[in-house]
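J.: After the structure tokens below, expect a handful of questions from me.
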Amino acid sequence: MKDTKIVPTNPIKIQDNTFRDGHQSIYATRMRTEDMLPIAEEMDNCGFYAMEVWGGATFDTMHRFLQEDPWMRPKVLKKYITKTPFSMLIRGQNLVGYRHYADDVVRAFVDKSCEIGIDIFRCFDALNDYRNIETCVQRIKDNGKHFQGVLCYSLTDIRLGGDVYNLNYYVTKAKELEKMGADSICIKDMAGLLSPYDAYDLVSALKKEIKLPIHLHTHYTSGMASMSYLKAIEAGVDVVDTCLAPFALRTSMPAVEPLVATLTGTARASNLDLHKLLQLSEHLEEIAPKYNHHLANHKLSIIDNAVLAHQIPGGMISNLAGQLKEMKALHRLGEICDEVVRTRKDMGYPPLVTPVSQIIGAQAVLNVLFGRYVRVSNQLKDLVLGLYGKTPVPIDAELTRKLLKNYKRGQEPISGRPADQLAPEIEEARKTIGNLARTDEDLLGWILFPQTMEKYLHTKYPVDTTGKVSA
Ligand code: CO
């Protein structure tokens, strides 16, 4: 019999997200650096394309809940992980915080991130308005690092298509990123909306029109993610994101082990050793139980059907439910989900990702409880004013006039880059914080999270009983 064994001609590359998005998605970002170290060297030997180790919510939770200096994690991991590039998630002008920061802060933050060992910057804007990543990108390129441009994946129906989020939208956006100097393009499906056949069509279209490597990031939330990876791989996607099994599935990413097993013996087999991965997962099984209390267990199903019904991210529904419970209005959740869909349409169909998802959700609650736009949050007015950037579809002119009437920050929407409205921040902040910030890292952290970082810095530099700050 002839040997029909297929040689992998185009091996799939795999990025490991266990140390960032994995525990952010299912363990509330609480994994400690010390728990990463025992497997760090072995992870480095696996042959991952990259490891995502920083960014997203890690900076916030590390200093707020774990009493760890957020800047230290990549530095420490770099001692154990010397071959595999480090990736981080960065929200353009938002960096890893919750508002737009001035350009001087963005430049300093990117410089520092390069210095502590970040190699690949996955850089996104919630509205896919790339003016909000310009400064960030310039600095990444100046430092000679990898700029991964992001398409935030969104839909207006259960499948790709319609007037807004169709193939043409994503191809056009990807071309913009290519022009900006992107080294790769990431499809970022933060809510797990991407269905398998759409994954196939989208990756095929991008591979045809774009020269850059295509990287796919999705979440298991709706239960489609493994199927979507398989179809994307058939369509020629270059890299996918996974986690080791104990940190995978649910609202996290697909697990690496079944994917490696699935592709074995095919043209797209990975170069990862399944047995090595299984050993690492076994080790994580010993660590994971102490984080188990962060795992959502309010229902039996580990997938979220609301994503399929309304394209509303799972996390957004649980936030809304929490808010409504406090207002003793939980029984109106169904109405509010319908109103989220309407409010989002009014606001020009923004992708439902932080911070826009919170703004739309809070307004939908107000609309249901008090009547549509009878009470309007300032954040929604800012969105209408253009301070978050340009929405995918322009907001109706009459509604704009109504919402901005007598608004103190402006009544005419701005058309320029939002960050052009912001004055430099660093020198002012240095004066305000004074000696409490001993390094530029302390100072930048404090600009991003003034209250919680101030508290953390007091722990980091305790004052002795004589009132002298100890060395
Ligand atoms: Co993610």
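The values are calculated or read from the model by the stated rules, or taken from the named source; none is laboratory data. For clarity, every value in this text was computed on a predicted model and none was experimentally measured. Using ideal geometry, Cβ is built from the backbone for each residue, glycine included, and neighbour counts are taken over all protein chains shown.
J.: With segment 23-108 as the region, which helices (runs of 4 or more DSSP H) entirely inside it contain at least 3 residues that are away from the ligand (no atom under 16 Å from the Cβ)?
T.: In segment 23-108, the matching helices (runs of 4 or more DSSP H) lie at 33-44, 58-64, 72-80.
J.: Still on this structure, please answer the following. Is it the case that Arg438 is modelled with pLDDT of 95 or more, surrounded by fewer than 18 Cβ atoms within 10 Å (Cβ to Cβ) and either touching a Phe, Trp or Tyr at 6+ places or on another chain (Cβ under 6 Å) or part of a loop (DSSP other than H, G, I, E, B) (or both)?
T.: Considered against the rule, which asks whether it is modelled with pLDDT of 95 or more, surrounded by fewer than 18 Cβ atoms within 10 Å (Cβ to Cβ) and either touching a Phe, Trp or Tyr at 6+ places or on another chain (Cβ under 6 Å) or part of a loop (DSSP other than H, G, I, E, B) (or both), Arg438 comes out as yes.
J.: Go through (1) farther than 29 Å from Lys290 by Cα; (2) surrounded by fewer than 22 Cβ atoms within 10 Å (Cβ to Cβ) for Glu42 and report which single condition fails.
T.: The single condition Glu42 does not satisfy is (1).
J.: Pairs under 8 Å by beta carbon, first residue under 17 Å from Gly389 (Cα atoms) in segment 97-117, partner in a loop (DSSP other than H, G, I, E, B) and small (Gly, Ala, Ser), six or more apart or different chains?
T.: As it stands, the answer is Ala102/Ala423, since those pairs meet every condition given.
J.: Could you list all residues from segment 441-454 that are assigned to a helix (DSSP H, G or I) and either out of contact with any helix residue (DSSP H, G or I) (no Cβ under 8 Å at 6 or more places or on another chain) or in contact (Cβ under 8 Å) with a residue 40 or more places away in the chain (or both)?
T.: Of everything in segment 441-454, those that are assigned to a helix (DSSP H, G or I) and either out of contact with any helix residue (DSSP H, G or I) (no Cβ under 8 Å at 6 or more places or on another chain) or in contact (Cβ under 8 Å) with a residue 40 or more places away in the chain (or both) turn out to be Glu441, Leu444, Gly445, Ile447, Leu448, Pro450, Gln451, Thr452, Met453.
J.: Could I ask something else about it? Check off (1) in contact with a Lys or Arg (Cβ under 6 Å, 6 or more places away or on another chain); (2) closer than 27 Å to Phe124 by Cβ for Leu366 and give me the number that stays unchecked.
T.: (2)
J.: Pull out all pairs, ordered by first then second residue, where Cβ-Cβ is under 8 Å, the residues are six or more apart or on different chains, the first lies in segment 11-23 and is over 11 Å from Thr242 (Cα atoms), and the second is among the basic types (Lys, Arg) and within 13 Å of the ligand (Cβ to nearest atom).
T.: From segment 11-23, no pairs qualify.
J.: Shifting gears a bit: Looking only at segment 84-138, count how many residues are touching a Gly at 6+ places or on another chain (Cβ under 9 Å), surrounded by fewer than 21 Cβ atoms within 10 Å (Cβ to Cβ) and either in the same structural domain as Asp382 (by TED's automatic domain parsing) or more than 23 Å from Ala174 (Cβ to Cβ) (or both).
T.: Of the residues in that region, 1 qualify.
J.: Still on this structure, I have one more. Please work out which one of (1) touching a residue at least 40 places away in the same chain (Cβ under 8 Å); (2) over 20 Å from the mean Cα position of the chain (by Cα); (3) surrounded by 23 or more Cβ atoms within 10 Å (Cβ to Cβ) is the condition Gln323 fails and give its number.
T.: (3)
J.: Right, another one. Check Arg409 against each of (1) under 30 Å from Tyr456 (Cα atoms); (2) assigned to a loop (DSSP other than H, G, I, E, B) and name the one condition it does not meet.
T.: Only one criterion is unmet by Arg409, namely (1).
J.: Could you tell me how many of the residues in segment 336-352 are out of contact with any Phe, Trp or Tyr (no Cβ under 9 Å at 6 or more places or on another chain), among the charged types (D, E, K, R) and farther than 16 Å from Tyr165 by Cβ?
T.: Of the residues in segment 336-352, 3 are out of contact with any Phe, Trp or Tyr (no Cβ under 9 Å at 6 or more places or on another chain), among the charged types (D, E, K, R) and farther than 16 Å from Tyr165 by Cβ.
J.: How many of the residues making up segment 192-219 are touching a strand residue (DSSP E or B) at 6+ places or on another chain (Cβ under 9 Å) and away from the ligand (no atom under 16 Å from the Cβ)?
T.: Of the residues in that region, 8 qualify.
J.: Looking at segment 168-177, is at least one residue among the basic types (Lys, Arg), at pLDDT 95 or above, within 16 Å of the ligand (Cβ to nearest atom) and in contact with a Leu (Cβ under 8 Å, 6 or more places away or on another chain)?
T.: No, every residue in segment 168-177 fails to be among the basic types (Lys, Arg), at pLDDT 95 or above, within 16 Å of the ligand (Cβ to nearest atom) and in contact with a Leu (Cβ under 8 Å, 6 or more places away or on another chain).
J.: Anything in segment 215-243 that is under 18 Å from Phe48 (Cβ atoms) and among the polar types (S, T, N, Q)? List them, or say none.
T.: Thr218, Thr242
J.: So, in segment 193-236, exactly how many residues are without any contact (Cβ under 8 Å) to a residue 24 or more places away in the chain and closer than 23 Å to Thr354 by Cβ?
T.: 0
J.: Looking at segment 139-192, which of its residues are free of Cβ contacts under 8 Å to residues at least 24 places away in the same chain and either part of a strand (DSSP E or B) or among the polar types (S, T, N, Q) (or both)?
T.: Answer for segment 139-192, where residues must be free of Cβ contacts under 8 Å to residues at least 24 places away in the same chain and either part of a strand (DSSP E or B) or among the polar types (S, T, N, Q) (or both): Asn166, Asn168, Thr172.
J.: Another question about this same structure. Identify all residues within segment 220-236 that are surrounded by 21 or more Cβ atoms within 10 Å (Cβ to Cβ) and within 16 Å of the ligand (Cβ to nearest atom); write none if there are none.
T.: Passing the criteria: Tyr220, Thr221, Ser222, Met224, Ala225, Ser228, Tyr229, Ala232.
J.: Filter segment 330-358 for residues that are among the aliphatic types (A, V, I, L, M) and outside any helix (DSSP H, G or I); which is nearest to Thr391 (Cα to Cα)?
T.: Met347
J.: Hey, among Leu274, Leu300, Leu280, which residue is without any contact (Cβ under 8 Å) to a residue 60 or more places away in the chain, out of contact with any Phe, Trp or Tyr (no Cβ under 9 Å at 6 or more places or on another chain) and farther than 30 Å from Arg159 by Cα?
T.: Leu274
J.: Of Gln363, Gln411, which residue is in contact with a Leu (Cβ under 6 Å, 6 or more places away or on another chain), without any contact (Cβ under 8 Å) to a residue 24 or more places away in the chain and more than 27 Å from Ala191 (Cβ to Cβ)?
T.: Gln411
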